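The values are calculated or read from the model by the stated rules, or taken from the named source; none is laboratory data. These numbers come from a predicted model, not from an experiment. Please note: Cβ atoms are built from the backbone with ideal geometry, for glycine as well, and neighbour counts cover all protein chains shown. Accessible surface is based on the protein model in full, side chains and every heavy atom, while ligands, DNA and RNA are left aside. Shrake-Rupley method; radii C 1.70, N 1.55, O 1.52, S 1.80 Å.
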Amino acid sequence: MKTLSSGHPGCKSGIDCSLSRFVLNSTLSLMLVATNAAVMIAATPTLTFDSPSALSAEGVPINLGSHASPRLVDWNGDGALDLLLAGGDGYIWLFRQGGPANSTDFLAGTRVTASGSPIRVGTGYTGCCLADMDGDGRSDLVAAGNDNRVRYFSNIETLSSPAFGSSVVIRGNRGPFVLPDTVGGRIDVADWDGDGLWDLITGDFNGYLTWYRNTGTTSSPVFGAMGLPFKRSGSTLQEPYNTHPRIFDFNQDGVPSHWSAAYDAYWSSGAGAGFDRHWLRDNLKFCIEAPQEAFATLSNQYFTSSDAMLQLAAVRWHKGITSCINQFLLFADVYSMGTNQTFFYRVDTIGCVTRTVVELQRDARGHICGLTTASTHYDLLLDAEGNVLDIQQRGNAD
């Protein structure tokens, strides 16, 4: 069973110290796992990780629908990492570890409550974290939702058995602090400037990251300073859209950083160092604003090597990524011109293009349900709309 570990030296009591990033589809998949600072397995960060592993509760994959926002926290101070999960409907869930060791299989989830009632922060995008916002030494629950307010629920019990009272809406210079509409629940808190006060770090739908300095006190936070955008090399930092910040000490130097540090490190000193990135279309926001570019990217794949695109789509299908095979079939169908043959293309390293005829089979509705390449025959089970439900492959000699 896979284990989870996290933490960093100098991380304040009560704040989520997880060195983990999640990618959310229909289930939660653990993408990054780093070292346990208490054990100090490694002094430098790693940029090499195992394949994703689905998180589950009592053996069932965790699925709260769309827009769930996870983070790992030590909920009761027992040293094990529990899963705190803000749903896309405003509710907040807790999935506890079933024992002292970290596991990807949690106990059944329960809704987090305040004064005996389930906490609900708006009705859409929601984010939450733990931090001692009122200075009493106990971890409070910080939350934000689509009402554009940040509030915390005071821990009225203990560190080992937290329970929360009514919420306190954090103030700005003039009345309640109001987040921009694009932020929703994309938040984290950290003492970014080292003055002993919890500051607010926000992401947003468009990929920007912003720091709001705490101008209040240890017991009464105020986000009164103007928001300052994060910058990289003097330019405003913009990640791919829908950015959820997570603050942690990535390189264990005692200075907090956000997860994009790992992305930068990958290209500057990791496995991506030296790669000519001008060939890489990695700006998702650009493709969303110009959807023809997403189509052009797939077209480039098809013309570079149609056979490799098909093989990769089949591999990804068997790993649970189902969209690639339908993308491939779109191009195969376009270049078939409605016949039972299509063209496969290959561009070699000196720019020579070769074209090969590939035989197709179609179902009663005219959808491609099979094709035969030089080495492999593919049988495709389709639904009524022509979407692939299953793939069977066999060598041509079979």
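Brief remarks follow.
- What separates the Cα centres of the range 106-162 and the range 66-103 is a distance of 12 Å.
- The stretch between D181 and D383 holds 68.8 nm of extra length on full extension. This uses 0.36 nm per residue minus the Cα-Cα distance.
- Packing-based ranking, highest mean first, of 388-396, 320-328, 68-76 given that Cβ atoms within 10 Å are counted: 68-76, 320-328, 388-396
- Restricting the range 313-355 to trypsin sites (Lys or Arg not before Pro) that sit in a DSSP loop and have at most 14 other Cβ atoms within 10 Å of their own Cβ leaves K319.
- Burial order of peptide ranges 120-133, 220-233 (average beta-carbon count within 10 Å, highest first): 120-133, 220-233
- Counting only protein heavy atoms and a probe of 1.4 Å, the accessible surface of the range 309-398 is 53% carbon and sulfur.
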